[in-house]
1. Rounded to the nearest percent, how much of the accessible area of segment 8-93 (1.4 Å probe, protein heavy atoms only) is carbon and sulfur?
2. Defining a contact as two alpha carbons under 8 Å apart and six or more residues distant in sequence, what relative contact order in percent does segment 46-167 show?
3. Using all Cα-Cα distances in segment 186-236, what percent lands in each 10 angstrom bin from 0 up to the longest?
4. Not counting the cut sites, what is the longest span of the chain without chymotrypsin sites (Phe, Trp or Tyr not before Pro) that DSSP labels loop and that have at most 10 other Cβ atoms within 10 Å?
5. For the chain, what is the Kirkwood estimate of the hydrodynamic radius, computed as the reciprocal of the mean inverse distance between distinct Cα atoms, to one decimal in Å?
6. Expressed in nm to one decimal, what extension gain is obtained for the pair PHE112 and THR40 from 0.36 nm per residue of sequence separation less their Cα-Cα distance?
7. Based solely on its DSSP helices, what 222 nm [θ] is calculated for the chain when runs of n ≥ 4 H residues each add -39,500 (n - 2.57) and the sum is averaged over all residues, nearest 500 deg cm²/dmol?
8. For segment 186-236, what % of the accessible area comes from carbon and sulfur atoms, probe 1.4 Å?
Amino acid sequence: METLYYFVLVPMVYIAAAIFFIGTGARLVKIFRAPKHPATLQIFPEKEPKWLLALVDTFLFPTIRKHKPMFWIFLMLFHIALFLLIIGHLELFREFSIFQIIPHNVFLGQGFVGLTLSICLLFFLFRRFLSPVRELSVPEDYYLLILLFLTVLFGSQMDWARTWYEYSTVAAEDYQTYLLSLLYFRPELPESLMYSGHSFMLLLHVFFANLFLMFFPFSQSMHSFLSLPMNKLRRG
Ligand code: HEM
């Protein structure tokens, strides 16, 4: 069992991070070096200011809001929660005073960031079981959503245990020791990460997170890097 914990929490994280960064970089280089599209992708009539409109299209999804308001609400909630989640994971490395404008302990949102993400992912998943989205879905769509849901659920379990049920067997400092040791290539696993009540959830969380990171460059999640350039092309 110890070997399994070590493998998932150390070498597998390095493998996942390497595939994530190299894979994403290589795909972006390939896309941006591809020959220019022969036909224009621009929409008409042209409107100004183009950059601002491209930013609005990218972050506020006005077309979706108009045609699918319910889907839009879940999309907005999901992306806001994702943003807070990235901040939360950065804070697992060390404290950043800028994020302490709203004083909090490790994860912003008192467990509700994870809850929001879980509910949104269930909505996105079940939406794909119904026509007409069902006919437009491929297995990869389901695979990605299930993978994300499992990652989010096991991560949230740890936060909910700590925040809502006052069950805490791993201190924030232990996470910091572990993640910084990975960053400096001197892997160290504090006892609490390996042998406490949180250990198994952590193992499952990091295992599914690793799978997600490895899958990322080859999945539709790449849209996070391509959405703004694409909207700028459309706006001219
Ligand atoms: C190898 C990469 C990752 C590591 C080492 C990691 C580690 C952690 C840790 C230590 C926690 C805190 C648990 C606690 O509160 O006690 C956590 C929470 C969480 N993680 Fe991750 N994580 C990783 C990647 C991801 C990814 C890719 C996602 C999803 C996209 C994710 C989603 C979450 C969620 C939703 C929470 C709970 C947040 C909340 O309730 O506010 N994690 N993670």
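1. Working: 4560 of 5960 Å².
In segment 8-93, the share of accessible area belonging to carbon and sulfur is 77 percent.
2. Relative contact order, segment 46-167: 23 percent.
3. 20, 28, 21, 18, 10, 3
4. With a cap of 10 other Cβ atoms within 10 Å, the longest stretch comes to 1-95.
5. Numbers: mean 1/r = 0.0499 Å⁻¹.
Kirkwood radius, the chain: 20.1 Å.
6. On the way: separation 72, 0.36 × 72 = 25.92 nm, distance 4.31 nm.
Full extension from PHE112 to THR40 adds 21.6 nm.
7. -22500 deg cm²/dmol
8. Working: 1750 of 2510 Å².
In segment 186-236, the share of accessible area belonging to carbon and sulfur is 70 percent.
The values are calculated or read from the model by the stated rules, or taken from the named source; none is laboratory data. What you see is a predicted model; the values in this text were computed from it and never measured. Every residue, glycine as well, gets a Cβ built from its backbone with ideal geometry; the counts of neighbours run over all protein chains shown. When the accessible area is computed, the model is the full protein with side chains, heavy atoms only, and any ligands, DNA or RNA have been set aside. Shrake-Rupley method; radii C 1.70, N 1.55, O 1.52, S 1.80 Å.
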